[in-house]
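Here is the structure we will look at, set down as structure tokens.
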Amino acid sequence: MEQFFQQLTNGLAVGGIYALIALGYTMVYGVLKLINFAHADLFTLGAYLGLTLLTSMALTNHLGPLWGTLVLALMVMGLIGLVGALLDRVAYRPLRSSPRLSAVVSALGASIFLQNTVMLVYGARFQVYPQNILPTAAIDLGGLSVPVVRFLVLATSLIMMGGLYLFIQKTKIGTAIRAAAIDQEAARLMGIDVNRVILMVFLVGPALGGLAGLMVGLYYGQINFTMGWGYGLKAFTAAILGGIGNIPGAMVGGLLLGLIEAMGAAYISMAWKDAIAFCVLIVILIARPTGLLGERVAEKV
Amino acid sequence: MSRKKTILYLALPGLFFLLPPFLNTYWVDVLNNIGIYAILALSLNLIVGHAGLFNLGHAAFYAVGAYTAAILNTHFHIPVLWLIPLCGLTAGLFALIIARPIIHLRGDYLCIVTIGVGEIVRIALINNVFGITGGANGIFGISRPSLFGVVLRTPHHFFYLIWIFVGITIFLFHLLEYSRVGRALNYLREDEVAAEGNGINTAYFKLVAFVVGAAWAGMVGNIYAAKMTIISPESFSFWESVLMFAIVILGGAGSIPGVLLGSFLIVGLPEAFREFANARMLIFGAAMVLMMIFRTQGLLPPKPRTYDLPEAREGEGRG
């Protein structure tokens, strides 16, 4: 039973991270119908930028762990958001009117480019985050000791998800994003500046991905330039699981995938942990391509 | 085909086959690698270029072929080159099982699923699936192949094996391109609905392209295992698939000369500029983006099909 609850909390924490990354995929897919392969590398870049800022500015020394991390997170989100917008400007915008598969190849190219830029700048070896930032305490839950960090990670992702949900549902630009996702042409005719909508999507999605990168760095303590690839593919699986293009779907899918993976690692096989997510991906695409929360649309797949 | 072209097509390969005695072992080995990637890219070209199916897990089929050869050779001592047809068969069968349920998926979804399949295969190999793949260390001690009594050892020997295989591949794939299957594939790539409306069984032809391409990659896997005598899961990572994909896209999807040029540029050029070896993937990435923006069809795109019209009779205008 103890193992079950340990895996439950661990799965939810990792699931929260998947969900944050999945939001970026799903938002871009919703508006542009493009799988932004480079999103995974923006996530990696977030982790590395976080490390650089953390060690060079010593924020946590000046401001204390809480405020320091908060300022750090905001800086990383801002910077990665800008990189995301730049990425769209350079690699995707010139291809708006091209066949969709050209944009997919361009996304792949951008992903390879970003990943190798990180490698050339920071080197191919694992980099280590300082370990004295997050609390190492554990909460005692009825005889079960669960590290506080897991709750922090889960809480942060839930807050970000809640914030994003409100942003999409309640604000004017959020409404415009939803409109553009349903029908870009109609949205344009209704006076919505679709290019601004896309810019917004490429600011917000990567910002969340960058934050997820920072969280992975803080949570696991070490980062590598290829880590985005695994997380990205899993987050994309989460987005599909919940129904791609569907924002609450990405949140549910992320948490669910984190749980499936943690339980699979514990009860099926640790060595096959990474394969479990890909099996879920294949099964869901064969059985229910619109995902759990996606509505049935004939031309979806 | 004009006479001049025929001479050119015969003279170029002839000159190429005379090269090895003038090159040192290192450069012959580079040419061998180019040859291996050229066959792999040609097989992927059938799937990506002709059928328009985005397959980013081609290394999985390459791996199935290589492991078939390695396992049967090390356990049952069957001469490795005899296993070529069997390697093609296992890779093709594997592709059939994998592709059957997913072949209807649209472009980018198929792309993601093939990435997933490639990863599952790699993880399975690392985890020593069925206890026969040797885990992360792979399989070693594959016996040297022999051909007509000559044991192939040096890169110079393999040069002829690999490049004759390239030649056969080009010839067969050229025929396939101009066959009914080739036309059907191009049709469904351009407009699936119209193709289906004209009585082309799209799912069937997509599957044919996928399985034939995969089977061919499996045969290359055999050659690779024979050449290296040691194989490990590392050789069949996602980046191998990306490399093959980049060759096809940058060279010119659907064009045999394009794919050949792509192999020389992408596999050969980095050898010539070894000091930039680290930046190789970075340059590919940038090239893929730029190519899509400025020259979507690749460096040497396929020529549009030409058909000879019957001679117009006297008094009839050509319009």
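Every number here is computed from the coordinates shown, using simple stated rules; none is lab data. Everything quoted here is computed from the prediction, not taken from an experiment. Cβ atoms come from the backbone with ideal geometry, glycine included; neighbour counts cover every protein chain shown.
Between A:Ser98 and A:Gln3, the C-beta separation translates, for a Förster distance of 60 Å, into a calculated FRET efficiency of about 0.75. Taking the longest Cα principal axis of chain A as reference, the axis of helix A:247-267 is set at about 40 degrees. Each residue of the stretch B:21-38 was assigned a 3J(HN,Hα) from its phi angle through the Karplus curve 6.51 cos²θ - 1.76 cosθ + 1.60 (θ = phi - 60°); the sequence is x, 8, 10, 7, 3, 4, 6, 5, 5, 4, 4, 4, 4, 4, x, 4, 5, 5 Hz, with glycine and proline shown as x.
Rounded to the nearest 10 degrees, what's the angle between the helix B:180-190 long axis and the longest principal axis of chain B, both from Cα atoms, 0 to 90? The answer is roughly 80 degrees.
Other residues within the sphere of radius under 13 Å centred on the Cβ of A:Gly228, judged by their own Cβ, net out at 0 (K and R +1, D and E -1). Each of B:Thr202, B:Leu110, B:Pro155 was scored by the projection of its Cα onto the charge dipole of the stretch B:26-237, and the greatest displacement toward the positive side belongs to B:Pro155; charges sit on the C-beta of Lys, Arg, Asp and Glu. Ordering B:Glu190, B:Glu271, B:Glu311 by the number of other Cβ atoms within 10 Å of each residue's own Cβ, fewest first, gives B:Glu311, B:Glu190, B:Glu271.
Each Lys and Arg contributes +1 and each Asp and Glu -1, all at the Cβ; summed about the Cα centre of the stretch B:1-122, the dipole is approximately 440 debye. Please find, in a Gaussian network model of chain B (springs between Cα atoms separated by less than 10 Å), the residue of B:Pro145, B:Pro257, B:Pro101 whose mean-square fluctuation is greatest. Maximum fluctuation in the GNM of chain B, among the listed residues, is at B:Pro101. Straight-line reach from B:Lys303: which aspartates and glutamates have a Cα under 18 Å away, not including same-chain ones fewer than 8 places off? Within the straight-line limit of under 18 Å, B:Lys303 reaches these aspartates and glutamates: B:Glu177, B:Glu190.
Each part reduced to its alpha carbon centroid, the stretch B:1-73 and the stretch B:194-237 end up 14 Å apart. Put a dot 7 Å past the Cα of B:Ser179, heading toward its Cβ, do the same for A:Phe151, and the two dots end up 6.6 nm apart. With a Förster radius of 41 Å applied to the beta-carbon distance between B:His77 and B:Ala272, the computed FRET efficiency rounds to 0.55. Longest segment of chain B with no trypsin sites (Lys or Arg not before Pro) in a DSSP loop having at most 13 other Cβ atoms within 10 Å? That would be B:1-152. With the charge dipole of the protein assembly as shown set up from +1 on Lys and Arg Cβ and -1 on Asp and Glu Cβ about the Cα centre, the Cα lying farthest toward the positive end among the listed residues B:Thr74, B:Asn128, A:Asn10 is that of B:Thr74.
Here the spin labels are modelled as points 7 Å beyond Cα on the Cα-Cβ line, and at B:Ala279 and B:Asn127 they lie 4.1 nm apart. For chain B, adding -39500 (n - 2.57) for each run of n ≥ 4 DSSP H residues and dividing by the number of residues yields -21000 deg cm²/dmol at 222 nm. Fewest-first ordering of B:Cys111, A:Cys279, B:Cys87 by other beta carbons within 10 Å of each residue's beta carbon gives A:Cys279, B:Cys111, B:Cys87.
Within straight-line reach of A:Lys172, meaning a Cα separation under 15 Å, sit the following aspartates and glutamates at least 8 residues removed in sequence or on another chain: A:Asp193. Under 5 Å between amide hydrogens, built in the peptide plane, is the criterion, and for B:Gly252 it picks out B:Leu299, B:Leu300 among residues at least 5 positions away or on other chains.
Taking amide H as placed 1.01 Å from N in the peptide plane, A:Gln222 has its amide H under 5 Å from the amide H of A:Tyr129, each at least 5 places away in sequence or on another chain. Computed from Cα positions, the angle between helix A:2-32 and the longest principal axis of chain A comes to roughly 20 degrees. For the pair A:Glu185 and A:Met57, the difference between a 0.36 nm per residue extended length and the Cα-Cα distance amounts to 41.5 nm. Spin-label model, A:Tyr220 to B:Arg144: label points 7 Å out along the Cα-to-beta-carbon direction sit 4.4 nm apart. In chain A, helices alone account for a calculated mean residue ellipticity at 222 nm of -25500 deg cm²/dmol, with every DSSP H run of four or more residues adding -39,500 (n - 2.57).
Placing R0 at 45 angstrom, the Cβ-Cβ distance between B:Leu172 and A:Arg288 gives a FRET efficiency of 0.70 after rounding to 0.05. In whole angstrom, note down how far apart the Cα centers of the stretch B:108-157 and the stretch A:152-228 are. Centre-to-centre distance over Cα atoms comes out at 41 Å. Comparing B:Ala215, B:Ala60, B:Ala184 in a Gaussian network model of chain B (Cα springs below 10 Å), the most mobile by mean-square fluctuation is B:Ala184. Report the residue, chosen from B:Ser146, B:Ser43, B:Ser241, that carries the largest GNM mean-square fluctuation when chain B is represented by alpha-carbon nodes joined by springs under 10 Å. Its mean-square fluctuation being the largest, the pick is B:Ser146.
Computed from point charges on the beta carbon alone (+1 for Lys and Arg, -1 for Asp and Glu), the dipole magnitude for the stretch A:2-287 about its Cα centre is near 620 Debye. In the protein assembly as shown, the ratio of gyration radius to Kirkwood radius, Rg to Rh, stands at 1.00 when only Cα atoms are counted.
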